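Peer 1: Let me begin by handing over the structure; questions about it come next.
The values are calculated or read from the model by the stated rules, or taken from the named source; none is laboratory data. None of the values given here were measured: they were computed from a predicted structure. Here the Cβ positions follow ideal geometry from the backbone for every residue, glycine too, while neighbour counts run over all protein chains shown. Each accessible area value is taken on the protein alone, full model and side chains, heavy atoms only, with ligands, DNA and RNA left out. Shrake-Rupley method; radii C 1.70, N 1.55, O 1.52, S 1.80 Å.
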Amino acid sequence: MLRIGLLTSGGDCQALNAAMRGVVKGLSANVKDLEVYGFENGYKGLIYGEFRLLTSRDFSGILTKGGTILGTSRQPFKLMRTPDENGLDKVEAMKQTYFKLNLNCLVILGGNGTQKTANLLREEGLNIIHLPKTIDNDIYGTDVTFGFQSAIDIATDAIDCIHTTAASHNRVFIVEVMGHKVGWLTLYAGIAGGADIILLPEIPYDIDKVVEAIHNRTKDGKGFTILAVAEGAISKEDAALSKKEYKAKVAEHKYPSVSYEIAEKIKEACGTEVRVAVPGHTQRGGSPCPYDRVLCTRLGSAAAKAIMDGEFGCMIGMVNGKTKRIPLGDVAGKLKMVDPDSQMIKEAKRMGISFGI
């Protein structure tokens, strides 16, 4: 009898169900006796023993279904060693649940914080496999994460829709794209959507250069400008502050987000109308795109093979178009950032896209 557990943790995305389906179908087609336990609402289910035995019916018809059939929650890694309000040792509780069910492996789907806890459980002696989920595409060691392409499609569509109204009214429009620490999603959606200015967390912007780019478009007879701005975009002045100083400044902000601050400064400098559009959590929603469905099917199948081979403690990633087993200890806690000197950035600049520098 092979017994595995599944859990989805952190923010949701479009292809979590497709990835779980890939794992289970890959196993059920090759393993005679299989039991699959689904933990509800992420690590919370593992901590408090909230789970259910899943059958093949649970994985039928979910390839195209967004969200997660198991539910999810955020359990900060930095608090995993901190007892809960009742004094419960969360790490020990997770281990007890695992061993109580006599699991052979726990498959964990999630982003960076989820991955760090997965690695912690590996260090505690559990058989773990991690599948890299995040619309931010910032997990180190894999070329792409599932959810990323689906989110690109949605963010790009938002920029596409803004184009017509921006052109009609000769306005400056800012489309705020998800991404606190990294700008992969903003970079791809910005290029795909034809944004004129792209502002990323990895490239601190100079507001004067942003204004200059807008003025240059006006001089060229172009009446509108579209900015794709990552929610974690930061000015050169703020980037020079210490973490403590920056945190204090943010706490006193009158703006809902950085996009509104940029909008006000552009209006002051250019005297033009500026509008902010925030797609927000729509970028996580809806059905997974075909690319993500294929990606998750491959990752899930590769995870099933790793389980059957008895090789644990790894993340199943995509490297140069091939699935690969990557040791969790080599990647946990690392972020894959956009390189300001990358070929893609240089190519975008060559096209006339401004990065505010």
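Peer 1: Answer yes or no: is there a residue in segment 35-52 that is among the charged types (D, E, K, R), farther than 29 Å from HIS180 by Cβ and assigned to a helix (DSSP H, G or I).
Peer 2: Taking every residue of segment 35-52 in turn, none turns out to be among the charged types (D, E, K, R), farther than 29 Å from HIS180 by Cβ and assigned to a helix (DSSP H, G or I).
Peer 1: Can you tell me which residue is nearest to ASP330 (Cα to Cα) among those in segment 140-158 that are among the hydrophobic types (A, V, I, L, M, F, W, C) and in contact with a helix residue (DSSP H, G or I) (Cβ under 6 Å, 6 or more places away or on another chain)?
Peer 2: Looking at residues that are among the hydrophobic types (A, V, I, L, M, F, W, C) and in contact with a helix residue (DSSP H, G or I) (Cβ under 6 Å, 6 or more places away or on another chain), I get PHE146.
Conditions tested, residue by residue: (1) touching a Gly at 6+ places or on another chain (Cβ under 6 Å); (2) farther than 15 Å from LEU103 by Cα.
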| site | (1), (2) |
| --- | --- |
| GLY5 | no, no |
| THR8 | no, yes |
| GLY22 | yes, yes |
| LEU27 | no, no |
| TYR37 | yes, no |
| GLY42 | no, yes |
| TYR48 | no, yes |
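Peer 1: Condition first: polar (S, T, N, Q) and over 28 Å from GLY141 (Cα atoms). Can you find one or more residues in segment 32-53 that meet it?
Peer 2: No: segment 32-53 contains no residue that is polar (S, T, N, Q) and over 28 Å from GLY141 (Cα atoms).
Peer 1: If THR156 satisfies every condition in (1) in contact with an Asp or Glu (Cβ under 9 Å, 6 or more places away or on another chain); (2) at pLDDT 95 or above but one, which is the exception?
Peer 2: (1)
Peer 1: Still on this structure: Kindly list, by first and then second residue, each pair from a residue in segment 204-229 that is among the charged types (D, E, K, R) to a residue that is crowded, with 19+ Cβ neighbours inside 10 Å and in a loop (DSSP other than H, G, I, E, B), limited to pairs with Cβ atoms under 6 Å and residues at least 6 apart or on different chains.
Peer 2: Pairs that qualify, where the first residue is among the charged types (D, E, K, R) and the partner is crowded, with 19+ Cβ neighbours inside 10 Å and in a loop (DSSP other than H, G, I, E, B), are ASP206/GLY356; LYS209/GLY356.
Peer 1: What residue, among those in segment 163-189 that are part of a helix (DSSP H, G or I) and at pLDDT 95 or above, is most open to solvent (accessible area, probe 1.4 Å)?
Peer 2: TYR188
Peer 1: So PHE146 fits all but one of (1) at pLDDT 95 or above; (2) out of contact with any Leu (no Cβ under 8 Å at 6 or more places or on another chain); (3) open to solvent by less than 10 Å² (accessible area, probe 1.4 Å); what number is the exception?
Peer 2: Every condition holds for PHE146 apart from (2).
Okay, residues lined up against (1) more than 27 Å from GLU311 (Cβ to Cβ); (2) open to solvent by 80 Å² or more (accessible area, probe 1.4 Å); (3) among the aromatic types (Phe, Trp, Tyr):
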| site | (1), (2), (3) |
| --- | --- |
| GLY67 | yes, no, no |
| LYS78 | yes, yes, no |
| ASN86 | yes, yes, no |
| VAL91 | no, no, no |
| LYS95 | no, no, no |
| LEU101 | no, no, no |
| CYS105 | no, no, no |
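Peer 1: Now for a separate question. Could you tell me which residue of segment 38-58 is nearest to VAL23 (Cα to Cα), considering only residues that are in contact (Cβ under 8 Å) with a residue 40 or more places away in the chain and open to solvent by 60 Å² or more (accessible area, probe 1.4 Å)?
Peer 2: That would be PHE51.
Peer 1: From VAL24, VAL31, which residue is at pLDDT below 95, over 18 Å from the mean Cα position of the chain (by Cα) and within 20 Å of ILE316 (Cβ to Cβ)?
Peer 2: Answer to the check: VAL31.
Conditions (1) part of a helix (DSSP H, G or I); (2) touching a residue at least 40 places away in the same chain (Cβ under 8 Å), marked per residue:
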site	(1), (2)
ALA304	yes, yes
MET308	yes, yes
GLY329	yes, yes
VAL338	no, yes
ASP341	no, no
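Peer 1: With respect to the numbered conditions (1) part of a loop (DSSP other than H, G, I, E, B); (2) out of contact with any strand residue (DSSP E or B) (no Cβ under 9 Å at 6 or more places or on another chain), which one is the sole condition not fulfilled by PHE99?
Peer 2: Failing condition for PHE99: (1).
Peer 1: Given the structure, is THR72 β-branched (Val, Ile, Thr) and open to solvent by 70 Å² or more (accessible area, probe 1.4 Å)?
Peer 2: Against the criterion (β-branched (Val, Ile, Thr) and open to solvent by 70 Å² or more (accessible area, probe 1.4 Å)), THR72 does not qualify.
Peer 1: Next question. Can you tell me which residue in segment 227-284 is nearest to PHE355 (Cα to Cα), limited to those that are touching a His at 6+ places or on another chain (Cβ under 8 Å) and open to solvent by 30 Å² or more (accessible area, probe 1.4 Å)?
Peer 2: This residue is GLU231.
Peer 1: For the list (1) within 30 Å of ASN137 (Cα to Cα); (2) open to solvent by 10 Å² or more (accessible area, probe 1.4 Å); (3) at pLDDT below 95, I need the number of the one condition that LEU63 fails.
Peer 2: Going through (1) within 30 Å of ASN137 (Cα to Cα); (2) open to solvent by 10 Å² or more (accessible area, probe 1.4 Å); (3) at pLDDT below 95 one by one, LEU63 breaks only (3).
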